[in-house]
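The structure appears right after this line, and notes come after that.
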Amino acid sequence: MSEGPRYVTVEDYLPAARAAVPSDVWDYYEGGAGDEWTLAENRRAFDRWMLRPRFLRGAGSPDTSTAVLGASLRFPVAVAPWAYQRLAHPDGELATARAAGAAGTLMVVSSTTESFLEEVAAASEGPKWWQLYVAQDRGFTEAMLERVVSAGFSAICWTVDFPVSGLRHRDTRSGFVMPIGIGASDYLFDASLTWDDLGWIRDRAPGLPVVVKGILTAEDAELAVQAGADAIVVSNHGGRQLDRSPAGLDALPEVVAQVSGRVPVLADGGVRRGTHVLTALALGASAVLVGRPTIWGLAAEGERGVAGVLEILRSEFENAMALTGCRSVDEIGPALVAPAP
Ligand SMILES: Cc1cc2nc3c(=O)[nH]c(=O)nc-3n(C[C@H](O)[C@H](O)[C@H](O)COP(=O)(O)O)c2cc1C
């Protein structure tokens, strides 16, 4: 019988997570849109790069810390906003907030926690961004933003890739419906949004930076910067919106080139390894977000599981930095990667 730890990689949480939730909830969490090509691409994209290690640079104990929009992060991995965490574990978002805070990193909190956003804000000291979906009822969104500002969130992360939901066939087949009473009031998304609405959001969250999440092209990156975005998250929503859209990692270089340092660029999708974090940073990301690994941790073991997942990613990232000769995050650059054969 094995004497080693139960969870060595983040994927080691999968079996326990799967056993902990009903199959329709599991499909909601794990699934993507259409043929799930984009979902699979998010993982495959990392296999198209290899790392070019450097040695004898005194990088034995690297400093993994960084900062994004004034938030200090112990390592450049933040928790992505994901909906309805109480379906995974009764402690839901409160457990995730505590684990992210203890790990010294940032949590992006989904709009779907609207009904108890103050509780999530107060659950830990760690930095938190509010992920925003703008509702058709602008009065509702205004009131929500007022609460978000007074609860102490440090940025608004406006998700723009959701004019309508993607085609989630797993959910159609299982008959999965959004549960009532575990988060958001029943609100309809505004499908008529344009870049002009960024100013509308900014006016209702005075003093808070606005991050635009869901960008996949240089064209939209330019429009986001021109509209006044303070940061960009390159993301295809975990493969859950438009199938056949590119992997976040594949879209990252064109966005980074277009933005050319005017604002920080973050990325997500398929990050499961410290080497993935390093690859994304080498291609120009300031930090990455992780979604499903934190779902697995939360479902398997609540707060302890999310903490375990984040610690695995932190220690793998530290190891990858040491083995590629990076003493600090600002030494991570394009020379570290090359296309894989
Ligand atoms: C179950 C689930 C729910 C999600 N809910 C939201 C959400 O409410 N708002 C949002 O901006 N993104 C949402 N996302 C997308 C994530 O923020 C993130 O972009 C994606 O999960 C990253 O890919 P990964 O899961 O491969 O790490 C959700 C993702 C999943 C898997």
Discussion item. Among the residues of region 118-168, what is the count of those that are within 16 Å of the ligand (Cβ to nearest atom), under 21 Å from ALA103 (Cβ atoms) and out of contact with any Ser or Thr (no Cβ under 6 Å at 6 or more places or on another chain)?
Written reply: 6
Item to complete: Give me the pairs, please: first residue somewhere in region 262-282 and more than 16 Å from the ligand (Cβ to nearest atom), second residue anywhere and assigned to a strand (DSSP E or B) and not acidic (Asp, Glu), beta-carbon distance under 6 Å, and either six or more positions apart or on two chains.
Response: VAL263/ALA231; PRO264/VAL68; PRO264/ALA231; ALA282/VAL337
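Matching residues to (1) touching a residue at least 40 places away in the same chain (Cβ under 8 Å); (2) touching a Lys or Arg at 6+ places or on another chain (Cβ under 6 Å); (3) farther than 24 Å from PRO339 by Cβ:
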| residue | (1), (2), (3) |
| --- | --- |
| TYR29 | yes, no, yes |
| THR38 | yes, no, no |
| ASP47 | yes, no, no |
| LEU51 | yes, no, no |
| GLY58 | yes, no, yes |
| ASP63 | yes, no, yes |
| ALA67 | no, no, yes |
| VAL79 | yes, no, yes |
Discussion item. Being polar (S, T, N, Q), within 27 Å of LEU249 (Cβ to Cβ) and buried (at least 22 other Cβ atoms within 10 Å of the Cβ) is true for just one of SER110, SER165. Which residue is that?
Written reply: SER110
Worksheet entry | Boolean, ALA221 is away from the ligand (no atom under 14 Å from the Cβ), surrounded by 22 or more Cβ atoms within 10 Å (Cβ to Cβ) and either in contact (Cβ under 8 Å) with a residue 24 or more places away in the chain or closer than 27 Å to HIS169 by Cα (or both) | yes
Worksheet item: Restricting the search to region 286-330, which residues are within 16 Å of the chain's Cα centre (by Cα), among the hydrophobic types (A, V, I, L, M, F, W, C) and either surrounded by fewer than 24 Cβ atoms within 10 Å (Cβ to Cβ) or in a helix (DSSP H, G or I) (or both)?
Response: ILE295, TRP296, LEU298, VAL306, ALA307, VAL309, LEU310, LEU313
Discussion item. Scan region 187-196 and tell me whether some residue there is under 19 Å from the mean Cα position of the chain (by Cα), more than 11 Å from the ligand (Cβ to nearest atom) and part of a loop (DSSP other than H, G, I, E, B).
Written reply: no
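Just so you know, all these numbers are worked out from the coordinates, no wet-lab data involved. Here the structure is a predicted model, which means the values were calculated and not measured. Counting neighbours? That spans all protein chains shown, and the Cβs are built from the backbone with ideal geometry, glycine included.
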